[in-house]
Amino acid sequence: GQPMNLRAEAKSETSIGLSWSAPRQESVIKYELLFREGDRGREVGRTFDPTTAFVVEDLKPNTEYAFRLAARSPQGLGAFTAVVRQRTLQAKPSAPPQDVKCTSLRSTAILVSWRPPPPETHNGALVGYSVRYRPLGSEDPDPKEVNNIPPTTTQILLEALEKWTEYRVTAVAYTEVGPGPESSPVVVRTDEDVPSAPPRKVEAEALNATAIRVLWRSPTPGRQHGQIRGYQVHYVRMEGAEARGPPRIKDIMLADAQWEMDDTAEYEMVITNLQPETAYSITVAAYTMKGDGARSKPKVVVTKGAVLGRPTLSVQQTPEGSLLARWEPPADAAEDPVLGYRLQFGREDAAPATLELAAWERRFAAPAHKGATYVFRLAARGRAGLGEEAAAALSIPEDAPRGFPQILGAAGNVSAGSVLLRWLPPVPAERNGAIIKYTVSVREAGAP
């Protein structure tokens, strides 16, 4: 006879439990179970000892199986029951969404698209998707997540993102049981935008009557929103608090090698062809491929008055061996009286000395050493400050050294038959030129 009341119940996503009643008045020694996946799968058999319940394991999630059971007695195999069908429970998807792609639509938005996981990995009815994203390098351990995306949707727009920022994006599919694995991360950068902050540490100073030097640093890295391609310096002439005339612009384009974001780089520009004793308002803005960013606060600088020209300067060596510098006032001293002179002088290979001289002085004598080149620089001081600098140089011929090397000491017992001798060259004033070699004389003490 057949087993009676065969029933099937899903135990989990991979197992189904069977129960039945034994055939009446039969001596059952084994049961034979046959089952297949759906209607077309290959039938698989299980043989087990007499019992009234059996759990079939290692099945596929969310899959229907067909079961039939027969009892075996010493006389042979009996008739199989009618087919009983049951479906395993759903499971989480075993594969992530496929072909996840990200496209930056603007500086604050990314379009994310995907395809569903392969059908055989759904393990149930897909109830939705989620997309997870976070900036690269973010210290926040939990990414932001868009949940409850309908199962029929295969793209979503992420908005309110940070500008010019790389994001790590993944997608996940869900069944009622829960989420499947994350897709492989896709890294995408939002588009550039104009800088939202001005350059930092903007300084401006008048160099002379017609030039102003402007210094600055790049905007804060988090506010650059793109590759800084260059800077624009805007300047306009001021009369009181009012601008006079249209603003003028000078542009600095950065070389490709400077496009890397560098927080420490300092930039400089000299604005020329300005008017003396005139106020100028100066602002600086950085720009990306998207355009100019915010301008710095205006810096108002007044150019200096017109400075004096170069004095007439000459230097010659006296018979006694010293140097004598002579000069005449600049040609324009009649309109702008000379208030004094600044003289810098010294050896070419050393730091110069600086002297402030009276307006009536016309000469200066300085000691000199043979074999050295001396440089004199002279500027007249007027109402607007130091004028243009005149320079003169004089080289004195070399001679034999006037001084001797300074012996530092001798160390014996360096090795048998040798002594280590150390010395310094003569002091600069006694070298009379460039030392090219030394002669060492040695004799045994007490010897003639």
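The values are calculated or read from the model by the stated rules, or taken from the named source; none is laboratory data. Computed from a predicted model, the values in this text were never measured in an experiment. Neighbour counts are summed over all protein chains in view; Cβ atoms, including those assigned to glycine, are modelled from backbone coordinates with ideal geometry. The area values use the complete protein model at the heavy-atom level, side chains included, leaving out ligands, DNA and RNA. Shrake-Rupley method; radii C 1.70, N 1.55, O 1.52, S 1.80 Å.
Worth a mention:
- The single residue among Gly124, Gly128 that is in contact with a Phe, Trp or Tyr (Cβ under 6 Å, 6 or more places away or on another chain), more than 16 Å from Glu166 (Cα to Cα) and surrounded by 14 or more Cβ atoms within 10 Å (Cβ to Cβ) turns out to be Gly128.
- Scanning the stretch 411-438 for residues that are hydroxyl-bearing (Ser, Thr, Tyr) and at pLDDT 85 or above turns up just one, Tyr438.
- Which numbered condition Lys101 fails, given (1) part of a loop (DSSP other than H, G, I, E, B); (2) under 21 Å from Gly180 (Cα atoms); (3) not polar (S, T, N, Q): (1)
- Within the stretch 324-422, strands (runs of 3 or more DSSP E) holding 1 or more residues that are closer than 21 Å to Leu313 by Cα: 340-347, 353-357, 363-366, 373-382, 385-395
- If you go through the stretch 10-29 and pick out every residue that is assigned to a strand (DSSP E or B), out of contact with any Pro (no Cβ under 7 Å at 6 or more places or on another chain) and surrounded by fewer than 17 Cβ atoms within 10 Å (Cβ to Cβ), you end up with 2.
- One residue from Tyr267, Tyr280 being at pLDDT 95 or above, among the aromatic types (Phe, Trp, Tyr) and outside the structural domain of Ser138 (by the TED database): Tyr280
- When Val194 is tested against the conditions (1) of a type in the set (A, V, I, L, M, F, W, C); (2) open to solvent by 20 Å² or more (accessible area, probe 1.4 Å); (3) assigned to a strand (DSSP E or B), the lone failure is (3).
- Scanning the stretch 120-134 for residues that are in a strand (DSSP E or B) and either at pLDDT below 95 or closer than 19 Å to Ser184 by Cβ (or both), we see that the one that is farthest from the chain's Cα centre (by Cα) is Tyr129.
- Among residues of the stretch 394-433, those that are small (Gly, Ala, Ser), open to solvent by 70 Å² or more (accessible area, probe 1.4 Å) and within 26 Å of Thr373 (Cβ to Cβ), counted: 1
- Taking (1) open to solvent by 20 Å² or more (accessible area, probe 1.4 Å); (2) in a strand (DSSP E or B) in turn, Pro319 satisfies each apart from (2).
- All positions within the stretch 211-245 that are out of contact with any Asp or Glu (no Cβ under 9 Å at 6 or more places or on another chain) and either free of Cβ contacts under 8 Å to residues at least 24 places away in the same chain or open to solvent by 60 Å² or more (accessible area, probe 1.4 Å) (or both): Arg223, Arg237, Glu239, Gly240, Ala241, Glu242, Arg244, Gly245
- Scope the stretch 37-54; condition more than 12 Å from Thr88 (Cα to Cα) and either part of a strand (DSSP E or B) or in contact with a Pro (Cβ under 6 Å, 6 or more places away or on another chain) (or both); matching residues: Val44, Gly45, Arg46, Thr47, Phe48, Ala53, Phe54
- Filtered residues of the stretch 413-448 (kept if under 17 Å from Ala400 (Cβ atoms) and of a type in the set (Phe, Trp, Tyr)): Tyr438
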